[in-house]
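Below is one structure, written out as structure tokens; comments come after it.
Where a number appears in this text, it was derived from the coordinates with a stated rule and is not lab data. In this text, all values refer to a predicted model and were calculated from it rather than measured experimentally. So basically every Cβ, Gly included, is an ideal-geometry build from the backbone, and we count neighbours across all protein chains shown.
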Amino acid sequence: MRLSEEESAYFHDCSREVLAHHLVKSMSGYTQHGTTNRLEHSVRVARYSYWVSNKLKLKLDRKSLIRGALLHDFFLYDWRTGTDHEGAHAFTHPEAALKNALAHFEINETEADIILNHMWPLTITKMPGCKESFVVSAMDKYCSLKENFNRVKKVKWIPQPAK
Ligand SMILES: [Fe+2]
Ligand SMILES: [Fe+2]
């Protein structure tokens with residue numbers, strides 16, 4: 001998967017505010033899948049979601065797609081130890097991520113839908129309510145699978161937030 005220069009510039013523009021936040025940066029301290037940390041996973045899902053939307057020429061809100069994808073796993077605990085949260089992680093972490101996203105960013109309806117419904121169809125009643133959510137949910141599963149089998153290139157393309 002490769003973004004053109006123009007696509008990369010757009011991606012960086014849309015992701016700048018989210019990636020500059022210290023709590024988002026702190027996601028790099030949590031292992032997500034395999035040897036992938038949560039920040040890498042989130043950026044990977046956002047890039048794949050954006051890339052596939054362009055490839056398929058989907059008519060959707062690309063900025064919200066990118067921001068929602070970057071924040072879809074914005075929960076701040078180690079899901080592997082299971083000590084810092086209540087309930088089954090797979091079902092509850094979208095709500096934890098949305099709560100954090102709403103506390104630290106201006107989140108629109110599409111971004112909220114992406115975050116809350118990304119675990120569908122596991123969370124059977126929380127179905128994506130827009131195209132952007134379907135794309136992110138699919139790319140999340142695709143990237144998670146690759147990461148679990150360590151079939152990913154190391155992330156060199158996390159945009160460095162402007163100082
Ligand atoms: Fe998730
Ligand atoms: Fe995820």
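Cα gyration tensor of region 8-148, axes a ≥ b ≥ c as square roots of the eigenvalues: rounded (a/c below 1.5), prolate (a/b > b/c) or oblate? Since a/c stays below 1.5, the shape of region 8-148 is classed as rounded.
For the residues Val135, Val45, Val152, a GNM of the chain with alpha-carbon springs under 10 Å puts the largest fluctuation on Val152. Under the simplified labelling scheme, the Lys141-Ala88 pair shows an inter-label distance of 1.6 nm, with each label point 7 Å from Cα along Cα→Cβ. Taking the average, over residues, of other Cβ atoms within 10 Å as the packing measure, peptides 52-62, 107-117, 7-17 rank 107-117, 7-17, 52-62 from highest down. Counting charges near Ile115 (Lys, Arg +1; Asp, Glu -1) among other residues having Cβ under 12 Å from its Cβ returns a value of -4. Under the combined filter of DSSP loop state and at most 13 neighbouring Cβ atoms within 10 Å, region 63-124 retains these trypsin sites (Lys or Arg not before Pro): Arg80. Between Glu109 and Asn37, what FRET efficiency comes out of the Förster formula 1/(1 + (r/R0)^6) with R0 = 35 Å and r the beta carbon distance, rounded to 0.05? So, using R0 = 35 Å, E works out to roughly 0.75.
Can you pick out the pairs among Lys25/Lys63; Lys126/Lys153; Lys57/Lys99; Lys99/Lys126; Lys57/Lys141 whose Cα atoms lie more than 23 Å from each other? Pairs exceeding 23 Å: Lys126/Lys153; Lys57/Lys99.
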